[in-house]
Every structure is written in C-alpha cells, then in structure tokens.
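Colleague: Sharing a structure with you now.
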Number of protein chains: 2
Amino acid sequence: MPKTIDITELILRDAHQSLMATRMATEDMTPACEDIDKAGYWSVECWGGATFDSCIRFLNEDPWERLRTFRKLMPNTRLQMLLRGQNLLGYRHYEDTVVDRFVEKAAENGIDVFRVFDALNDIRNLQRAIAAVRRTGKHAQGAISYTFSPLHTIRGFVDLAQKLVDLGCDSICIKDMAALLKPQPAYDLVKGIKEACGQNVRVQIHVHATTGVTMVSLMKAIEAGADGVDTAISSLSLGPGHNPTESFVEMLEGTGFDTKLDKNSLLKIKKYFNTVRPRYKEFLSNITGVETEIFDSQIPGGMISNMESQLKQQKAGDRVDEVLAEVPKVRAVSGYPPLVTPTSQIVGTQAVFNILMGHYKVLTGEFADLMLGYYGETIGPRDPAVIELAAKQTGKQLITCRPADLLKPEWQDLRTAALAMPGCNGSDEDVLTFAMFPQVAPKFFSTREQGPKNVGKDPNAQPDAAPASGTQSAPHDTGKGPVQTKITYDVKLNGKTHRVTVKPA
Amino acid sequence: MPKTIDITELILRDAHQSLMATRMATEDMTPACEDIDKAGYWSVECWGGATFDSCIRFLNEDPWERLRTFRKLMPNTRLQMLLRGQNLLGYRHYEDTVVDRFVEKAAENGIDVFRVFDALNDIRNLQRAIAAVRRTGKHAQGAISYTFSPLHTIRGFVDLAQKLVDLGCDSICIKDMAALLKPQPAYDLVKGIKEACGQNVRVQIHVHATTGVTMVSLMKAIEAGADGVDTAISSLSLGPGHNPTESFVEMLEGTGFDTKLDKNSLLKIKKYFNTVRPRYKEFLSNITGVETEIFDSQIPGGMISNMESQLKQQKAGDRVDEVLAEVPKVRAVSGYPPLVTPTSQIVGTQAVFNILMGHYKVLTGEFADLMLGYYGETIGPRDPAVIELAAKQTGKQLITCRPADLLKPEWQDLRTAALAMPGCNGSDEDVLTFAMFPQVAPKFFSTREQGPKNVGKDPNAQPDAAPASGTQSAPHDTGKGPVQTKITYDVKLNGKTHRVTVKPA
C-alpha cells in the first residue's frame, strides 16, 4: 500500500499572493470551490497572509465574509489560514487578548487549520497564538521559517520543531518562502525532526518554486518521511509561486507514495483558473523562469530590483554592487535574520542607507527596532556598537523580553475606536479588522456597502505585464506590508533632506 | 569525493528549437561561446535537429559555416549534434553511402559527439549511422526514444540499450522528448541498463520540462547511476524546453553528486541570453507553465491544439473530443509508435480523417507508409485489415526489411543535381545540404552570398507572443518537418474535395 501524501492547495491564498499581488476577487474563486472541495485535498489555504489586507485595501471586500463564503462552498475540506504569530495579520505586535480574540473569531467563521509562523523564529512570538488555536480545538500547525546562514543548522531547526511540539502543535511546517530549501537539507531536516520528535509528528513542507530546485526537495522530503506538501494548481504555479499540484501527483507514480487526489477535479480547477489568470495580467509577476542567484547573494530577486530602483531615485544607480555587497554585512550585524518580509526590506534599506550616507550614520526606525529587540530575538548576537547607536537615535531601550509583554490591554480601546467609525457593524470581526489595519479599515467600513470591487479586467483592455503593479502606494504606517505597498522616509543628514522610497521585496 | 555528473548544455540547439522555433541566429550565439567554453560542460549540443533546416529556410545561413564557427570559438568543449539515424537531418531515409558521407563531413567540420536516434526505436535505422560515427573515431551516443504504452516496458528499453552497446556505442541516451519520463521509471531504467549492460556503460538523460516532473526524474536517474544529464541555461529553459542548468547545479549540493561547472560562467551565459530572448518574442512558445494531461491522453499539448485548428478549418470544431478519443485507437492500430515528430502528426491527422470521413475510409500517404513498414518496425503488431487498406490505396507492398535496403546508390545523382544549381560551391557539404532539403537548398544557394538574415527584432517593435509562429508555411514535401512547417492534403471523398492542413505538434 502506497503511503498517502496529504496535499494543501494554495490556489486561493499564496498562489495568487505570489503571482498576482493578492488581487484575486472572491467572485473569481467561488466557481472553482465545488471542484476544489471534491478533489480530496487535506486542506485548502484560503485566508490570512496578505489576503486580509488586500480585501479591504484594494477589493472593497469584507475578509470575514470571504471566509464564510468558503466555509459554505467547501464543507468537506479543511480551510487553512496563515497567521503571523503575535502580528496576526497586521504589521505590529498585538496584546495577547487581541490574539486570542482573533483566533477565536477565525475558528468560528470557518478556519480549521492555523499555520502560525514568525519571521525571526522567535518561539515567544508564536506561543500565545498556538495556545489560542488549541483552545478552539482546531489544528495548530507550528511553522519554521527556513533560511540559511553561518548560524542556521539542521540541529537548530530540529530544536525549534521540538519546541513547537512541546507547545502542543498538531503538526510542524517547514516554510521556505524564498525557495532556498535544497533537496539534501530537505531530507536531513525532515529526518531530523522525525527522529527527534517522533515518527508520529506530522511534518508538512511549504516551498516556493523560484529557484527551480524545490520540486526535488519535496520528493526528498517525502522520502525522509514528510506527511504532506503544499502545491498550487498548475495554471497559477511556478515562478515566484509554487510547484504545480498536477505535476506532484504525476511524479509519485510507482514511488510508493500517492496523493489520492481526483485528477478529473484537478483538470477542471486548472482549466478554470486558466481563464481567470489573464484578467489579472497587469498584476502578474513578470518572473516566469527561475532565479538561482539568491543561493550566493543571500538576496531575493525582488529585493535586488527594489534596491536598484531606490538607488536610481537617489541618482546613485552606479552603486548597486556596493549595496549588494553590504547586505550580507548588515544581515550579520543584525544577528542573521531570515531575509523575508519584513526583514528583507529592513536589512535592504539599511544597506542602501549605509552606502549612501555612511555606515550606520542613519538608521531607519525599523532597523533600530530590529537591533533593539522589538521584533524579537535573532538567532545570532547583534552588534553592540550598532545597538548603542539605535538606542541613542530612538531614545528606546534594548529589550530582551517577549516584545508583546510590553503591551497594555488594548481590546476595549480598539473596540471603542472601531465602533465610533461610520459603517462599522459593531461585531468583534469589525473590531479586529480595524485592529489589523487602522489606517485602511475606516475607509473600508465607509465604502463596504458598495460591494466588492473586482480589479480583474478584460485581458484585451490591459497594459502589458507587471512592473506597474509595484507602484500602488499605501499609507505610511504599513511599513512591513506584503502586498504592493511602499514606504517613504524623509531622512535629514547634514542639513539636507533625502526622500527614500522603499517597496517590499 | 562526490561523483561528477556531466552536463550537456542545450542552449545552442534544443533550447531555442523548443522555445523559439529554432530561429536563433549564429550572431546571437557567438557572444556567449567564450563563457560556454569556459563553464566546464561535458558537451554543448549545438547542431543538428531542426537547426540545419532553420538555417537555410529562415536565416540564410550556411549550417556548415555555423558549425565551423562553433568549433573555432569553443576549442575546449565537445560539440554535439542530434542525428535522426537513417533520416540524417532530412525527412526521408537516405541510402547508406549518403549517411556515411554526412557523418564524415560533420566530424570533419567539428562534431565530437553524435547522438543518434530513431522515432520508432528500430535499431536497423540506427546501425549505419552509428557505424559511420565509429569509423570517424568520434563519440557515438545511441539514443532510446522514451515513451509509454501497453507494450513499452523497462525490460524492452534495457534490451534496446544492450543492442546499442553491441553496436559499439560509447554511451546510451534516454531521450524523452515529451517530458513523459517520471522519477520511478527514470530510476528503474538507468538501474536496469547499468545492471544489464555493465556499470561502465555511460548513461545520459535527455528530458524536457513540459510536465513539471522531470527535474525529479533527473535526480532519481543519477541516484540510479546516470553519468550525465542535459540541461539548458535558465534564461531559455522550462515550458516545452528543458530544466535549468543553474538549478540542476544548485540542487546537487550535499547529495554526493556534483557538476563541477563554473557558476560565474553560467551567470554570464544566463544574463547574455536574457538579452537575446526578447528579440525573438514573436517566435516564443506561449506555453510557460506545465501541462500534465499528456499522461492520460497520450497526446502532446501542441498536437491537441493543432488538431483543434484542423477541425475548426473543417467546421467540425465540436468533434474534438471524438478525435482525442480516437488518437489512442489509431496508435494501437499502428503498433504503438511513440507520439513524437513525425509520428504524432501522422497518427493525429489519421485520427482527424477517421472522425471526419469514417474509420480508415481515407489514409494519408504517411499513415499508409507507417502501416506498410516504410518508417521501420513498430513495437507492436499493426492491424492487418488496415495494412491491407494501405496497400490497396497506395499500390505499395508491405515491407519487413530495413527501409533503406530498398534504396539505390544516390550520391552521384545528388552531386550532379546540386552542382548544377546556381550558387552551389561544389563541396560535399553543399551536396549534403541539397540532399537534406532539395526544395529549400536551391533558393538558399542562390541567396547565400547576401549573408545571414537575423529574424530577431527590437522587442518594442514586435507583436505579442507566439501563435503566429505556427503559421509560417513551408513547401509541400517537408511533411515531417520539425520547425514550423505545415502540409496541406487535398482529399477526395465521394466526389467532394476536402483540403486539410496539418502542422507538426
């Protein structure tokens, strides 16, 4: 009997987040839901990540309503969300009771599986959310943000997995957002987790396709004992997205593994999204091939092009090589954070500042916070001299406690503020929407009754490809925004003001 | 010590043949040759296949001159060509001394490695070419055309490999033109060949990327002992092309295998072809993702769309499902040929005829030839009733001998005819050019002195994407043409003439 590998389908969340700037409207998803529900997936990732933000910022959609729609249309499939630990779906740490409330409401509205991660792998940023999920009786999946550095080891990741198991996680996810996970480390990591935590500990693998190696990593991971993998239906796969579901199904033939997915349903889902994709042409990623430079540069492709445009704006386009060489140094100074949102932008922008204005002459507020511990603990020690500069520039203290421990109870204040807004319906869900995006929610509340705004267009009435999709601007406070936001810094140095605009990698 | 896996780089032949209709001009290749020569490839496939045809048909280039250019610019790397056995690079069987002469001249002009294949895997179609290569002292690589059917087994392919070894081949290639080779069969096949033929028999794997599974197949093949694989530099990879060279290099880290390729050279080659690719936008394949339907339908994606357009021309667009269901039946009737050029077109067109005009009421000339043995032996028996129809319709006999045994010496006639043409330079190379493409060569000879015609264009001055690239028409006699040729049949049935146009899949 072949071992069944469980599949999490990403089409309704990460696939369109990675390939079309999270712009897909609910009404473009619902026609596929019946087939998705019939295909036999272990779960469907369909909520969280950047979708919440995108719903209220670009689509005039209530994200909670989207979730309830999925719940109704897919009664037989586990609905899964991605949750950024103590950040929930927003861009700051939330006080614990807000975390509790969010998880309760997500479960109540339909989420079965919560994948919880933290960009720094600081277990203290995960604890509260995981405990909250356990109280709901839903599936708590603890995720490890995969990266490599001189300090990241298989042993270290296995220890983290053990901590997640100790917190009561129902499964462990290895989450590789930059397609860095090569076949051999994939094998070693899964083997290590299974040996240390027990063969019964469920391991799920999430990889992107960007570097072209990760389909092989999935194979080696399941040879090492992985129980499930994430894939996306082929019509919205590859490039910065994920490996195609149908290819994964086919590749297992005769190997002793099997997905038990219904191929006929997959074909229908594929054909359907083939018709949706061209409507979002202007948001489509213009990367369709592979990029392997990240293995040497440590710098994700999108981050390089953003730094290049920052430098050009400063009329310093000729200094890109200096900046690229500076990035790994800034990463070392800041204790080797994984270079993913938000840390890729924080480190990248600081590297630009270092080159343009001198080493650590000016720190961004975010970089200072990272150095002072306000994002959590980094794997490596951070440079004491730069910590001192950060403290001096911001007037803040270095902290070593769990960042959320510094927060005061805030639910009542959030509730009061939300309820005062025109269009707020008074539900806890609306309060949470306001809590996540205080700058965006008021406008959304006031326009909600106009109904969803589908930004997809007739493919023949659209401009070519995508660079334009990065130019949507967004409010100042969403500095770690994953969608297509940008932040503008006014930096004063020697009496001269520099305006620097930063986009997420 | 990791085992070194040898890499054959496809960028100069199959990559642009698969992705940009074989249109790349020599002058767009030469700037990369120094880096290619330095990268440490085992060989560079750079000649043969459809490139010869494309040179004289579209680019006004002398293919022999292209080869000599490569030889000069890449003195340290084996130059490799793809040879269609007794067909050489043309669309019919050639008499043995023409085969000998072609191989001699190719070796003399610079080819080091001859990959020799036959679409039907009829060893008799390979013998003469392999013997000719051995006489030159160059590397003879015998290729197995991989497919699956109820009759194709690992055992059968291993037996074929043994026959190729017995013919004196220096290596065996498993050639998977339709991306059908899944990981487990890849493993079993290599293991089987190594066990049956000896661990020292060198095995090379050629796969396309179309179905999204074959990067994993390469991994499993080398785990089973494969010595080399084919890849293409990433900027011209994936889709109907091949797996990216750089991804293959990276994926091996820590596995006990290594390519020893110079990553810095690969990066330069990648960046260079990134600048070339957009110039050929109008020829680029519009398939960038994966297609897995072939595993069930047996019908390559390109073949389906061609059959659809044939049917539409006949105002029978609603009968496509019937035709798709007919294809496997026609394949069974004709003894399960692999569905690749030319057999995919032959079988596909007959399926269309069967549905539009009744089962085997009208046979195409090519299908009749296939049934009567004029392409060689098929793996399975062919339907005796249809063989009889074919004999009746064409007046030809069923043959069981090697098809080329029926040919009379032809070199002198070819030479005489070629030399009579304006612009023919009297060399054996020119005679061979004429022999390959008697319809195209005369025009080429007469225009050769005008020099190469680069069909690449400023990317801003081009129409979108590619469907147009299939509409280039080509002379009637090149029915099995691999480039972008089409054939028009006038079919008379019950007094009514039907005009049916067929393009290669």
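The values are calculated or read from the model by the stated rules, or taken from the named source; none is laboratory data. Predicted model only: the values in this text are computed from it and were never measured. As a convention, Cβ positions derive from the backbone with ideal geometry for all residues, glycine included, and neighbour counts pool all protein chains shown.
Residue-by-condition table, conditions (1) touching a residue at least 24 places away in the same chain (Cβ under 8 Å); (2) within 30 Å of B:THR231 (Cα to Cα); (3) of a type outside the set (Phe, Trp, Tyr); (4) surrounded by fewer than 20 Cβ atoms within 10 Å (Cβ to Cβ):
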| site | (1), (2), (3), (4) |
| --- | --- |
| A:VAL190 | yes, yes, yes, no |
| A:LYS194 | yes, no, yes, no |
| A:GLN199 | yes, no, yes, yes |
| A:GLY212 | yes, yes, yes, no |
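Colleague: Restricted to the stretch B:245-264, and to residues that are of a type outside the set (D, E, K, R), outside any strand (DSSP E or B) and surrounded by fewer than 19 Cβ atoms within 10 Å (Cβ to Cβ), which residue is nearest to the other protein chains (Cβ to nearest Cβ)?
Modeller: B:GLY254
Colleague: Do we find a residue being part of a helix (DSSP H, G or I) and at pLDDT below 95 anywhere in the stretch B:332-343?
Modeller: Yes, that holds for at least one residue.
Colleague: From (1) modelled with pLDDT under 95; (2) part of a helix (DSSP H, G or I); (3) not acidic (Asp, Glu), pick out the condition that doesn't hold for B:VAL276.
Modeller: Going through (1) modelled with pLDDT under 95; (2) part of a helix (DSSP H, G or I); (3) not acidic (Asp, Glu) one by one, B:VAL276 breaks only (1).
Colleague: Something else about it: Looking at (1) free of Cβ contacts under 8 Å to residues at least 40 places away in the same chain; (2) surrounded by fewer than 16 Cβ atoms within 10 Å (Cβ to Cβ), find the lone condition where B:LYS361 falls short.
Modeller: Of everything listed in (1) free of Cβ contacts under 8 Å to residues at least 40 places away in the same chain; (2) surrounded by fewer than 16 Cβ atoms within 10 Å (Cβ to Cβ), B:LYS361 misses just condition (1).
The rows are residues; the columns are (1) part of a helix (DSSP H, G or I); (2) under 20 Å from B:ILE144 (Cα atoms).
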residue	(1), (2)
B:ASN354	yes, no
B:GLU366	yes, no
B:ASP369	yes, no
B:GLU377	no, yes
B:GLU388	yes, no
B:GLN393	yes, no
B:LEU398	no, no
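Colleague: If you take the residues of the stretch B:281-306 that are modelled with pLDDT of 80 or more and outside any loop (DSSP other than H, G, I, E, B), which of them is nearest to the other protein chains (Cβ to nearest Cβ)?
Modeller: B:PHE295
Colleague: Right, A:ILE130: outside any loop (DSSP other than H, G, I, E, B), of a type in the set (Val, Ile, Thr) and either more than 25 Å from A:PRO328 (Cα to Cα) or without any contact (Cβ under 8 Å) to a residue 60 or more places away in the chain (or both) or not?
Modeller: Answer is yes for this residue.
Colleague: Got a number for residues in the stretch B:178-216 being closer than 24 Å to B:VAL165 by Cα, within 9 Å of chain A (Cβ to nearest Cβ) and of a type in the set (A, V, I, L, M)?
Modeller: 0
Colleague: Same structure, new question: Does at least one position in the stretch A:155-171 carry a residue that is of a type in the set (S, T, N, Q), surrounded by fewer than 24 Cβ atoms within 10 Å (Cβ to Cβ), within 29 Å of A:PRO75 (Cα to Cα) and touching a Lys or Arg at 6+ places or on another chain (Cβ under 9 Å)?
Modeller: Yes - at least one qualifying residue is present in the stretch A:155-171.
Colleague: Among A:LYS443, A:LYS457, which is basic (Lys, Arg), at pLDDT 50 or above and assigned to a helix (DSSP H, G or I)?
Modeller: A:LYS443
Colleague: Do you know which of the residues in the stretch B:67-118 that are more than 19 Å from the chain's Cα centre (by Cα) and of a type in the set (Lys, Arg) is surrounded by the most Cβ atoms within 10 Å (Cβ to Cβ)?
Modeller: For the stretch B:67-118, the residue satisfying everything is B:ARG101.
Colleague: Conditions first: (1) part of a loop (DSSP other than H, G, I, E, B); (2) surrounded by fewer than 20 Cβ atoms within 10 Å (Cβ to Cβ). B:LYS271 passes all but one, so which condition is the exception?
Modeller: For B:LYS271, the exception is condition (1).
Colleague: Right, another one. Scan the stretch A:18-59 for residues that are at pLDDT 95 or above, among the hydrophobic types (A, V, I, L, M, F, W, C), over 27 Å from A:VAL99 (Cβ atoms) and part of a helix (DSSP H, G or I) and jot them down.
Modeller: Within the stretch A:18-59, A:MET29, A:ALA32, A:CYS33, A:ILE36, A:ALA39 qualify.
Colleague: Still on this structure: State whether the residues of the stretch A:232-241 include one that is touching a residue at least 40 places away in the same chain (Cβ under 8 Å), part of a strand (DSSP E or B), out of contact with any strand residue (DSSP E or B) (no Cβ under 6 Å at 6 or more places or on another chain) and within 13 Å of chain B (Cβ to nearest Cβ).
Modeller: Yes, because at least one residue in the stretch A:232-241 is touching a residue at least 40 places away in the same chain (Cβ under 8 Å), part of a strand (DSSP E or B), out of contact with any strand residue (DSSP E or B) (no Cβ under 6 Å at 6 or more places or on another chain) and within 13 Å of chain B (Cβ to nearest Cβ).
Colleague: Now for a separate question. For the stretch B:218-225, indicate whether the set of residues that are assigned to a strand (DSSP E or B) and within 12 Å of chain A (Cβ to nearest Cβ) is non-empty.
Modeller: no
Colleague: Which residue out of B:PHE157, B:PHE117 is within 21 Å of B:TYR374 (Cα to Cα) and either touching a strand residue (DSSP E or B) at 6+ places or on another chain (Cβ under 9 Å) or without any contact (Cβ under 8 Å) to a residue 40 or more places away in the chain (or both)?
Modeller: Criteria check complete, one pass: B:PHE117.
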